[in-house]
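Have a look at the structure below, then the notes.
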Amino acid sequence: MGPIGVFDSGYGGLTILQDIKKQLPAYDFLYLGDNARAPYGTRSFDLVYEFTLEAVTELFNRGCELVILACNTSSAKALRSIQQNDLEKIGSNKRVLGVIRPSTERIGELTKSNSVGILATEGTVSSNSYVLEVNKYSPQTKIHQQACPMWVPLIESNKHNSAAGRAFIREDVETLLKQDPVMDVIVLGCTHYPIVKNYIQSIVPAHINIVSQGSIVAESLRDYLNRHPEIAAKCTKNASSTYLTTENTEEFDTNASYYIGEQIASKHIKLG
Ligand code: DGL
């Protein structure tokens, strides 16, 4: 038995963990941010896969029976390979879930115009995962994507509210909006982006609904644990959270509170 593992390249997954903790307060969580190697969004398929596999293996070795990839880039580029090729070796009977499927299952019910924009990293956009997955659940919905390669570096370095940071964000949002005037939903397809949600909402027409993934992923996980009592039974429930980072812990603790709304004390680990 062990905690539920939650992984991201850096801080973004904390926005998901915050919602998961609201919906599943009894569970224990072990968060791992690979801050030393973030951002993942502009890295090759092979590297994202290698880094994500190392992180999942580490979380399994620390007792997790279930790991959530709270990172769209890892979910897009590594989840399927890990599920199909690696689970057998690194933890048969253990489970790894991502954030793209829960989001794409819900997109069809969020839009009236059947035109949805996705803001995400280059890696997520080029994988085409959102287009392919939405097509399974809601084939009538058109997906328009915009890669935002500067956003994660801006957010991780706390420069997203500067004039230059906002100019980058505005340019990408405007480029997305130009793809279809009837777009009525924009999904934040990167777990870092809820940090700039208010700013995005302030620069788009009021009827556009900006959707972040936290509550969607949390509901989906609660539902998954209800449907899989054998997995839920292997997850410990002492309402604790532990945080690991591959970077400097002081910096992680200072920045993390901004994403998760509470003070934390992380531990340093090495991956790879
Ligand atoms: N939070 C990750 C995601 O959801 C960010 C990826 C990155 O490190 O660029 O895609």
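Go through region 257-272 and report how many residues are more than 11 Å from S241 (Cβ to Cβ) and touching a residue at least 40 places away in the same chain (Cβ under 8 Å). Before you say what the answer is, go through the steps one by one.
Within region 257-272, the first condition is being more than 11 Å from S241 (Cβ to Cβ), and the residues that meet it are 257-259, 261, 263, 267-272.
Filter once more, keeping what is touching a residue at least 40 places away in the same chain (Cβ under 8 Å): 258-259, 261, 269, 271-272.
Matching residues across region 257-272 total 6.
Looking at S74, S113, S81, which one is in contact (Cβ under 8 Å) with a residue 12 or more places away in the chain and within 16 Å of the ligand (Cβ to nearest atom)? Break it down stepwise before answering.
Details: S113 fails: within 16 Å of the ligand (Cβ to nearest atom); S81 fails: within 16 Å of the ligand (Cβ to nearest atom).
Only one candidate qualifies: S74.
With respect to E262, determine if the residue is in contact with a Ser or Thr (Cβ under 9 Å, 6 or more places away or on another chain), in a loop (DSSP other than H, G, I, E, B) and either surrounded by fewer than 18 Cβ atoms within 10 Å (Cβ to Cβ) or not β-branched (V, I, T) (or both).
On the way: in contact with a Ser or Thr (Cβ under 9 Å, 6 or more places away or on another chain): yes; in a loop (DSSP other than H, G, I, E, B): yes; either surrounded by fewer than 18 Cβ atoms within 10 Å (Cβ to Cβ) or not β-branched (V, I, T) (or both): yes.
Yes; evaluated as a whole, the condition is true for this residue.
Has region 102-110 got at least one residue that is more than 15 Å from the ligand (Cβ to nearest atom), under 25 Å from I68 (Cα atoms) and out of contact with any strand residue (DSSP E or B) (no Cβ under 9 Å at 6 or more places or on another chain)?
Of region 102-110, the ones more than 15 Å from the ligand (Cβ to nearest atom) are 105-110.
Among the residues that remain, those that are also under 25 Å from I68 (Cα atoms) are: 105-110.
Then keep just the ones that are out of contact with any strand residue (DSSP E or B) (no Cβ under 9 Å at 6 or more places or on another chain); that gives 105, 109.
Checking region 102-110: at least one residue is more than 15 Å from the ligand (Cβ to nearest atom), under 25 Å from I68 (Cα atoms) and out of contact with any strand residue (DSSP E or B) (no Cβ under 9 Å at 6 or more places or on another chain).
Does T121 satisfy the criteria of being surrounded by fewer than 24 Cβ atoms within 10 Å (Cβ to Cβ), under 17 Å from H192 (Cα atoms) and hydroxyl-bearing (S, T, Y)? Before you say what the answer is, go through the steps one by one.
On the way: surrounded by fewer than 24 Cβ atoms within 10 Å (Cβ to Cβ): no; under 17 Å from H192 (Cα atoms): yes; hydroxyl-bearing (S, T, Y): yes.
So T121 fails the test.
State whether the residues of region 132-144 include one that is basic (K, R) and either outside any loop (DSSP other than H, G, I, E, B) or within 16 Å of the ligand (Cβ to nearest atom) (or both). Even if it seems obvious, please write down each step before you answer.
So the first thing to find is which residues in region 132-144 are basic (K, R), and the list is 136, 142.
Narrowing the set further to residues that are either outside any loop (DSSP other than H, G, I, E, B) or within 16 Å of the ligand (Cβ to nearest atom) (or both) leaves 136, 142.
There is at least one residue in region 132-144 that is basic (K, R) and either outside any loop (DSSP other than H, G, I, E, B) or within 16 Å of the ligand (Cβ to nearest atom) (or both).
With respect to Y224, is the statement that it is modelled with pLDDT of 95 or more, part of a helix (DSSP H, G or I), closer than 20 Å to Q145 by Cα and out of contact with any Phe, Trp or Tyr (no Cβ under 9 Å at 6 or more places or on another chain) true? Walk me through it before giving the result.
Working: modelled with pLDDT of 95 or more: yes; part of a helix (DSSP H, G or I): yes; closer than 20 Å to Q145 by Cα: no; out of contact with any Phe, Trp or Tyr (no Cβ under 9 Å at 6 or more places or on another chain): yes.
Against the criterion (modelled with pLDDT of 95 or more, part of a helix (DSSP H, G or I), closer than 20 Å to Q145 by Cα and out of contact with any Phe, Trp or Tyr (no Cβ under 9 Å at 6 or more places or on another chain)), Y224 does not qualify.
Which one is nearest to the ligand (Cβ to nearest atom), of the residues in region 145-174 that are under 13 Å from Y40 (Cα atoms) and in contact with a His (Cβ under 8 Å, 6 or more places away or on another chain)?
The selected residue is V152.
Being farther than 17 Å from E133 by Cβ, of a type in the set (V, I, T) and in contact with a strand residue (DSSP E or B) (Cβ under 9 Å, 6 or more places away or on another chain) is the filter; apply it to region 187-203 and report the residue that is farthest from the ligand (Cβ to nearest atom). Reasoning before the result, please.
Filtering region 187-203 down to residues farther than 17 Å from E133 by Cβ leaves 192-203.
So of that shortlist, the ones also of a type in the set (V, I, T) come out as 195-196, 200, 203.
When the remaining residues are screened for being in contact with a strand residue (DSSP E or B) (Cβ under 9 Å, 6 or more places away or on another chain), the result is 196, 200.
Working: V196: 13, I200: 15 Å.
That would be I200.
Residue-wise test of (1) crowded, with 17+ Cβ neighbours inside 10 Å; (2) within 11 Å of the chain's Cα centre (by Cα); (3) over 17 Å from I231 (Cβ atoms).
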position	(1), (2), (3)
V56	yes, no, no
E65	yes, no, no
A70	yes, yes, yes
T73	yes, yes, yes
R80	no, no, yes
Q83	no, no, no
K89	no, no, yes
N93	no, no, no
L110	no, no, yes
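Within the set of pairs 6 or more residues apart or between chains, which connect a residue that is free of Cβ contacts under 8 Å to residues at least 24 places away in the same chain inside region 227-239 to a residue that is surrounded by 11 or more Cβ atoms within 10 Å (Cβ to Cβ) with Cβ atoms less than 6 Å apart?
Cβ pairs passing all conditions: A232/L225.
The values are calculated or read from the model by the stated rules, or taken from the named source; none is laboratory data. It should be emphasised that the depicted structure is a prediction, and the values quoted were computed from it without experimental measurement. Reconstructed Cβ throughout: ideal geometry from the backbone, glycine too, with neighbour counts over all protein chains shown.
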